[in-house]
Structure formats: C-alpha cells, structure tokens
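Below you'll find the structure, written out as structure tokens, and then a few comments.
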Amino acid sequence: MNVSDSEVIFAILAKAGYERTEDMAAADVILANTCSIRDNAEQRIWSRLELFAAQKKRRPEVLVGIVGCMAERLKEKLLDSRKVDIVAGPDAYRSLPALLEAAAPDNPQINVLLSREETYGDIMPLRTDRGGVSAFISIMRGCNNVCSYCVVPYTRGAERSRDPETILAEARDVYERGYKEVTLLGQNVDSYFWKSAAGNTDFADLLESVARIAPDLRVRYATSHPKDISDKLIETMGRYANICRCIHLPVQSGSDVMLEKMRRRYTREWYLDRVRKIREVMPDCAITTDVIAGFCGETEQDHQDTLGIMREVGYDYAYMFAYSERPGTLAARNYPDDIPPEVKNRRLTEIIDLQNELSLESNTRDVGKTFEVLVEGPSKRDPSDLCGRNSQNKMCVFPAPGDTDIRPGTYVTVRILSCTSATLLGELV
Ligand code: SAH
Ligand code: SF4
C-alpha cells in the first residue's frame, strides 16, 4: 500500500519539476511516507525524524515532510515537534507541490483533509522498483469496515473505488513496458464496485478484465475479507491460469468471541467454509493470513483456538502481530488492553513457531513438483543462483545455467529438490 502511494507521490512531484534522489545528504526535500497500523511503525518514524533533524542542522534550508497515515493521525501534533515542515495526509498528495512551495523552515504547511472521491485514478505512478517485473496497482482507497482494533478507517478515510478504465489502462501500460506481474491493491478488494452507464463492475469482473490483458501477465491481489470473498471471485480465479493461486485471507483470530469483539463479522465456521470453497475450486491454491496475538480479553482458550484454526487451514505463510492499541479506535475506547506484554509475546512466539512448522510442511509437500517460476533476478544469498516466485507466491531458488543468460521477467520451469520453511530449492528443467 505504501509503496503504491509513494509511486503516486513521485509522479506528482516529478510533474512539478522535482527529481528523486536516495542520497539524503543531496536532498532539498526529505519525505517520509508513514504507517500507523501499529505503534512500533510510528516509533520507527520518530527515530527517522532524529536523522532528518541532523540534516536540517547542517543545512537549515532542507524541508522535512511526513506524509501518509501518521500525518493523518497526528496532524498538528507533528508540527509541535518542530522537526517537520510539511504534513500531508493520504488524500492530500496532489497538494504537495503547493505545500512545498509555501513551506519554509519557520512556516510549516499542513493538509490532512480526507476526501470521499480522491483515488488518484488519473495519475500514472512513477514505478520505483528496479527489476521492472512486478508492479502494484491501487484499485481503491480507504475502508468502510470498522474492525475494532484498526486505525485504517480513521487515517485513510471512507472506501472509494477507482474507475476500472484507468486501472486497465495502467495494467496495459506496465505490461507493454515489460512487466509480467501486477498486484491489485485495496484494503477490502471484495467490496470494489464501479457503477457506470456501460454496466456495473465488481471485483471478480475487474480481475477477469485484467487477466484477459495477456496470458503471460500474472495477476495477484490483496486483501480479501473473509466475510466478503464470493463464490464468483473464487470461480473466476479458477478459470484463469494467470490469476495466481494464492489468496491472502486474514483470519486475525480463531475464536468466535474474539472475532465478534474485533468486529470482523464472520465466525470461525464461516471462515473455514470459505477455505473449503477455495480448495474445492483450486486444490493447488496457497492460503496466507494475518494473525493478531493478545487482543483485549483474550483467554488461553481463545489463543488455543487461533493455533487450532492455523493447524486446520495449514497456512502457507502468515504475518503475525502482537495487538497494539491504537488511540481513537473502537477497541481503545471500549476494551482495556489487558493482556500483559509477556503473555502477548509468549502467545505471539507460539503462533510464529507453529507457522514456521506449517510453512515447512507446506514447502515439503512441494518437493518433487515442478512449477512455472517468474524470474526476478540473482538470488541475494548466492548471485550464481537465480530466484523468482511460483504462482503460489513461494520463493524458488535454483542455479543459473552457465551458458544462457536468463533475464528478469522470463518464465522458467523449475523442479523442486528440497526446501527450507522460507524457500523452495530446485533446478531448471
Ligand atoms: N485490510 C486488511 C488488513 C490491513 S492492516 C484486512 O482487513 O485484513 C494489516 C494487518 O495488520 C491486519 O490484518 C492485522 O492483522 C494487523 N493489524 C491491524 N491493526 C492492528 C493492531 N492494532 N495491532 C496489531 N495488529 C494490527
Ligand atoms: Fe482495518 Fe478491518 Fe478495514 Fe482491514 S478491513 S483495513 S483490518 S478496518
């Protein structure tokens, strides 16, 4: 999400005549695109601000800006720190050139207005990835769910979908420039909806149109909400080999009591039914998830229910977090953050240990299989190896052939010979 926002910001600033540099010492403007999802994400930005302050001390004309969710959440409070000259929320990126123009070390500028319409639909993002293989495309902004732990609806505002024509134009453009994979992004892609005279477009329709651009363009997406993922979407995926066999379906907890308190609006049984449907249509589909450990009032039994559902689904991969109370959310207002840190961390460790086992089991099942792998480039660990992902989004590493040069963006067939919990290791066939 943030990479995609940064690419929109680069496009807006490039049009206004700014040039991008990664050398902080050479920059006239330093912007930090921020996340507020958990407290530690914000703490990292506060330490970055110390680094930026050192630059300002050496070169007082340098302007420092905080953009994105933390700007939206803290607003003027960021200016009070006296370390920031510009504060721009997620719907205020178009005003960045004007804010930069007006700002001076003694004259900070702020725009944190949220919009009901802004989708940056007409802006062609300036891609920042080096490989030129895989691109993110934002299809909607904001979120209308109010999961009780989550700050996103407050920092990114109401949900709005982007015009499908602009999404398709962007996907065609990156394909024509040699990209082989697009990931469609939204907080809850299942509620994507566009109404027009030509007819309505839901997420399954959009996904199908993107998949039809070219059979060698892989399509991924994130994130599906278990309460909304439809049979139509799952069946559409099943019909297109280039829609990747990987669904990120955040469960958060395996306990109905916690799910209710989290306001997720599904039950464990409902979730497991969605998993069954996915497996029925696409037996080879990877399922990945997000888990929160130690939400308000979580009992040992609730925690066991989370470990239980993880085993039952057998997730291929998971992002796992300790609950972090976010000011202003329903949970912060209604429920005490009462799980002691040592208990939260112990539960999180148990969840991570279990997921490592499940990932290893999942990868072990793939030993002996062959996969189509989209090459990303040399492996970081050993540059004589190449790496890339299979449709299930698993990283595959294999020796590069001595005689031919395989460019990033090439599809190859790889037979898996062994694995770790994080990687499949194989050979070209
Ligand atoms: N829209 C997506 C998730 C966006 S946030 C969805 O609904 O699944 C990404 C993940 O961060 C969430 O799935 C959740 O697991 C985690 N998260 C969000 N708020 C959190 C909080 N207050 N504490 C800990 N983890 C949190
Ligand atoms: Fe947050 Fe829930 Fe919206 Fe995801 S669906 S962004 S967790 S409120």
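The values are calculated or read from the model by the stated rules, or taken from the named source; none is laboratory data. What you are looking at is a predicted structure, and each value in this text was computed from that prediction instead of being measured. Note: ideal-geometry Cβ built from the backbone for every residue, glycine included; neighbour counts use all protein chains shown. In case anyone asks, the SASA skips ligands and DNA or RNA and just uses the protein heavy atoms, side chains included. Shrake-Rupley method; radii C 1.70, N 1.55, O 1.52, S 1.80 Å.
What percent does the relative contact order of the chain come to when contacts are Cα pairs within less than 8 Å and at least six residues apart?
The normalised contact order for the chain reaches 11 percent.
Pull up the cross-link candidates among the lysines for K75, meaning alpha carbon to alpha carbon under 18 Å and not fewer than 8 places away within one chain.
Within the straight-line limit of under 18 Å, K75 reaches these lysines: K83.
Magnitude of the Cβ-charge dipole of the range 214-262, K/R +1 and D/E -1, about the Cα centre, nearest 20 debye?
180
Cβ under 13 Å from A41's Cβ, A41 left aside: what net charge do those residues give with Lys, Arg +1 and Asp, Glu -1?
+3
Enumerate the calculated ³J(HN,Hα) couplings along the range 92-100 in order (Karplus 6.51 cos²θ - 1.76 cosθ + 1.60, θ = phi - 60°), each rounded to whole Hz, writing x wherever the residue is Gly or Pro.
Running phi through 6.51 cos²θ - 1.76 cosθ + 1.60 with θ = phi - 60° gives 10, 5, 5, 8, 4, x, 5, 5, 5 Hz.
Under a point-charge model restricted to the Cβ atoms of Lys and Arg (+1) and Asp and Glu (-1), what is the dipole moment magnitude of the range 370-428 relative to its Cα centre, in debye to the nearest 20?
240
Comparing D85, D316, D106, which has the greatest mean-square fluctuation in the GNM of the chain with Cα pairs linked when under 10 Å apart?
Maximum fluctuation in the GNM of the chain, among the listed residues, is at D106.
Taking all protein chains in place and a 1.4 Å probe, what share, in percent, of the accessible surface of the chain do carbon and sulfur account for?
Roughly 51 percent of what the probe reaches on the chain is carbon or sulfur.
So what's the gap between the Cα centers of the range 16-71 and the range 123-146, to the nearest angstrom?
Going from one Cα centre to the other spans 21 Å.
Enter the accessible area per residue of the chain (Å², integer; probe 1.4 Å; all protein chains in place).
It amounts to 45 Å² per residue over the chain.
What dipole magnitude, in Debye to the nearest 20, does the chain give about its Cα centre under +1 on Lys/Arg Cβ and -1 on Asp/Glu Cβ?
The calculation lands at about 320 debye.
Long-range amide H contacts for T410: which residues qualify at under 5 Å (H placed 1.01 Å from N, peptide plane, sequence gap of 5 or more or a different chain)?
V375
Using a basic spin-label model with each label point 7 Å from the Cα along Cα→Cβ, how many nm lie between R59 and N107?
In this crude label model, R59 to N107 measures out at 2.1 nm.
What number, in nm² with one decimal, is the all-direction average of the projected area of the convex hull of the alpha-carbon atoms of the range 113-204?
The directionally averaged projection comes out at 7.2 nm².
Taking a Cβ-Cβ separation under 4.7 Å as the criterion for a possible partner, which cysteines of the chain have none?
For the chain, the answer is C35, C69, C143, C244, C246, C285, C296, C387, C396, C419, because their Cβ atoms have no other cysteine Cβ under 4.7 Å.
Kindly write out, for the range 60-73 in residue order, the coupling ³J(HN,Hα) from the Karplus curve 6.51 cos²θ - 1.76 cosθ + 1.60 (θ = phi - 60°), rounded to whole Hz, with x marking Gly and Pro.
Result, rounded to whole Hz: x, 7, 5, 9, 10, x, 10, 10, x, 5, 5, 4, 5, 6.
Please list, or write none, the lysines whose alpha carbon is within less than 25 Å of the alpha carbon of K344, excluding same-chain residues fewer than 8 places away.
K261
With every atom except the alpha carbons ignored, what do you get for Rg and Dmax of the range 87-142, in angstroms?
For the range 87-142, the Cα radius of gyration and maximum Cα-Cα distance read 14.3, 43 Å.
Of A26, L79, A11, whose Cα points farthest to the positive end of the dipole of the range 1-103 (charges on the beta-carbon: +1 Lys, Arg; -1 Asp, Glu; origin at the Cα centre)?
Projecting each Cα onto the dipole axis, the largest value belongs to L79.
Full extension from R407 to D273: what is 0.36 nm times the residue separation minus their Cα-Cα distance, to one decimal in nm?
Stretched out fully, the R407 to D273 stretch lengthens by 44.1 nm.
Extension gain E235-L360, at 0.36 nm per residue separation less the Cα-Cα distance, in nm?
Difference between extended and current length: 42.2 nm.
Would you please classify the overall shape of the range 1-114 from the alpha carbon gyration tensor, given that a ≥ b ≥ c denote the square roots of the eigenvalues, rounded means a/c under 1.5, and beyond that prolate means a/b larger than b/c while oblate covers the rest?
Rounded.
Given the pairs K180/K369; K15/K56; K15/K180; K195/K394, which are separated by over 29 angstrom at their Cα positions?
As for pairs spanning more than 29 Å Cα to Cα, those are K195/K394.
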